[in-house]
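Contents: one structure, followed by commentary.
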Amino acid sequence: MGFEVYVGHISGTVTENEIQRLFSVVGTVESVHLVIDPGSGESRGCGYVRMSTDEEAREAIDLLNGAKLGDSLIVVKNAPPKSFKKAGSPDRAVKQSARGGRRQEM
């Protein structure tokens with residue numbers, strides 16, 4: 001299992017292959033995932049890179065944060081831990097209807 005880093009401020013023209021090439025300078029890249037907007041199909045300007053070791057992930061953060069990729073300077077930092085909510089959890093989002101103030105679970 002690899003160690004993920006978050007990559008932000010990615011230009012919309014940058015490909016996963018270009019990201020992989022850049023990060024391979026510091027170690028073995030296990031995977032690259034660009035976040036794509038499902039509605040438009042366009043990049044949201046961020047993604048995740050999975051490095052093979054924690055040491056390589058830390059080195060990627062140290063060496064590549066602020067590096068130029070495409071036409072912008074990228075941000076590289078620790079990926080936030082993934083959190084999963086159980087179905088039926090009381091934390092579910094609730095929205096208030098415009099009509100009559102009735103509440104709807106989302």
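Data for the structure
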quantity	calculated
When residues of the range 1-35 are limited to those that are hydroxyl-bearing (Ser, Thr, Tyr) and in contact (Cβ under 8 Å) with a residue 24 or more places away in the chain, the one nearest to LEU69 (Cα to Cα)	SER11
Identity of the residue in the range 36-81, free of Cβ contacts under 8 Å to residues at least 24 places away in the same chain and on the phi > 0 side of the Ramachandran plot, that ends up surrounded by the most Cβ atoms within 10 Å (Cβ to Cβ)	GLY66
In the range 9-55, the residues that are under 19 Å from PRO80 (Cβ atoms) and touching a helix residue (DSSP H, G or I) at 6+ places or on another chain (Cβ under 9 Å)	ILE10, PHE23, SER31, VAL32, HIS33, LEU34, GLY47, VAL49, ARG50, MET51
Some residue of the range 3-13 being under 16 Å from ALA79 (Cβ atoms), under 16 Å from the mean Cα position of the chain (by Cα) and not in a strand (DSSP E or B)	yes
Matching residues in the range 59-82 - criterion: being farther than 10 Å from GLU4 by Cα and not hydrophobic (A, V, I, L, M, F, W, C)	GLU59, ASP62, ASN65, GLY66, LYS68, GLY70, ASP71, SER72, LYS82
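A short reminder: the numbers here are calculations on the coordinates, not readings from a lab. Fair warning: this is a prediction, and the values are worked out from it, not measured in the lab. FYI the Cβ positions are ideal-geometry reconstructions off the backbone, even for glycines, and counts take in every protein chain you see.
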